[in-house]
Amino acid sequence: MASLLDSCWLYLITHFSEFQLATVGTFLIHESIFFLSGLPSIYFERSGLFSKYKIQKKSNTSEAQEKCIVRLVLYHVCVNLPVMLVSYPTFRFMGLRSSLPLPHWSVIISQIIFYFILEDFVFYWGHRILHTKWLYKHVHSIHHEYATPFGLTSEYAHPAEILFLGFATVVGPALTGPHLFTLWLWMILRVLETVEAHSGYHFPWSPSNFLPLYGGADFHDYHHRVLYTKSGNYASTFVYMDWLFGTDKGYRKLRAIEEVEGKNY
Ligand SMILES: [Zn+2]
Ligand SMILES: [Zn+2]
């Protein structure tokens, strides 16, 4: 298994330059994972499949879903891709490498856990700032256009917010100077996590049922459906930041009521 992975990696680094892999390669992987993981919840919403597990009764119109997709493609090409191209020298400077050997799994896993914890911390404070009056009105309200989120709305945001909160995603890798393989794996996991959090569905197999301290769809859906000054639940991945700083009180109250009513999560 390890040698197959090594051979695949060798193929990549002998056929493409590090610049191509770190920029266009990263962009293509991001697009594939994002749209493949995000499209199913649109299908579920349109077909009514899994309606039993849908968090909100409301659904989005086809026009609203299409508007989200068109805007995303535009932003990904006009904002994300140029940022990836421009930031490559910074990552190089911070120690990004793509050569063999690939890092040991213990290094990859510990770095990714560190990235998740750091990202969650930075995102929490950045997101709280975005919920102040002026920034909400002029920037963050775009992301909140969808009070009933579906997977793809996770990256639907004002370009300034893409840059602002995107910083939370790259600060960990920038500090540790990772291998490109680790960086790709981190990006894939982060995309899957945020798409799941916005999916609008809470399944019996949703990760928040198994992973302690993990927020997931029910946690973030609450953030979207409640008025922006009262919503709380600002963290991206875990639940402890909101608990520590008392911004999950409304959500906890609702969960307590739901548990009394016998709704199981
Ligand atoms: Zn928000
Ligand atoms: Zn959101």
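The table that follows gives values for the structure above.
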item	result
Condition check for TYR43: over 18 Å from the mean Cα position of the chain (by Cα), surrounded by fewer than 18 Cβ atoms within 10 Å (Cβ to Cβ) and not small (Gly, Ala, Ser)	yes
Residue satisfying condition, being within 16 Å of ligand 1 (Cβ to nearest atom), basic (Lys, Arg) and outside any strand (DSSP E or B), within set LYS253, LYS230	LYS230
Which listed residue is of a type in the set (Gly, Ala, Ser) and under 28 Å from LEU21 (Cα atoms), from GLY200, GLY177, GLY246	GLY177
Residues that are within 16 Å of ligand 1 (Cβ to nearest atom) and aliphatic (A, V, I, L, M), drawn from region 164-194	LEU165, ALA168
Number of the condition not met by PHE203 [criteria: (1) modelled with pLDDT of 95 or more; (2) not in a loop (DSSP other than H, G, I, E, B)]	(2)
Only listed residue being among the small types (Gly, Ala, Ser) and within 17 Å of PHE164 (Cα to Cα), chosen from GLY126, GLY38, GLY48	GLY126
Subset of region 224-250 [within 15 Å of ligand 2 (Cβ to nearest atom), touching a residue at least 24 places away in the same chain (Cβ under 8 Å) and more than 16 Å from PHE121 (Cβ to Cβ)]	HIS224, ARG225, VAL226, TYR228, SER231
Whichever residue in region 127-165 is surrounded by 18 or more Cβ atoms within 10 Å (Cβ to Cβ) and among the small types (Gly, Ala, Ser) and, among such residues, is farthest from ligand 2 (Cβ to nearest atom)	GLY151
Any chance LEU49 is outside any loop (DSSP other than H, G, I, E, B) and aliphatic (A, V, I, L, M)	no
SER231 hydroxyl-bearing (Ser, Thr, Tyr) and either closer than 21 Å to LEU36 by Cβ or buried (at least 21 other Cβ atoms within 10 Å of the Cβ) (or both)	no
Any pair with Cβ under 6 angstrom, 6 or more apart, that starts in region 91-120 at a residue that is at pLDDT below 95 and ends at one that is in a helix (DSSP H, G or I)	MET94/ALA174
Tally of residues being of a type in the set (S, T, N, Q) and outside any helix (DSSP H, G or I) across region 62-107	2
Residue match in region 112-126 (condition: more than 13 Å from ligand 2 (Cβ to nearest atom), closer than 30 Å to HIS15 by Cβ and part of a helix (DSSP H, G or I))	yes
Answer from THR169, THR148 - the residue that is outside any helix (DSSP H, G or I) and touching a residue at least 40 places away in the same chain (Cβ under 8 Å)	THR148
Within region 174-189, tally of residues that are assigned to a helix (DSSP H, G or I), modelled with pLDDT of 95 or more and not hydrophobic (A, V, I, L, M, F, W, C)	1
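The values are calculated or read from the model by the stated rules, or taken from the named source; none is laboratory data. Given the structure is predicted, the values throughout are model-derived calculations rather than measurements. Cβ sites come from the backbone with ideal geometry, for glycine too, and all protein chains shown count toward neighbours.
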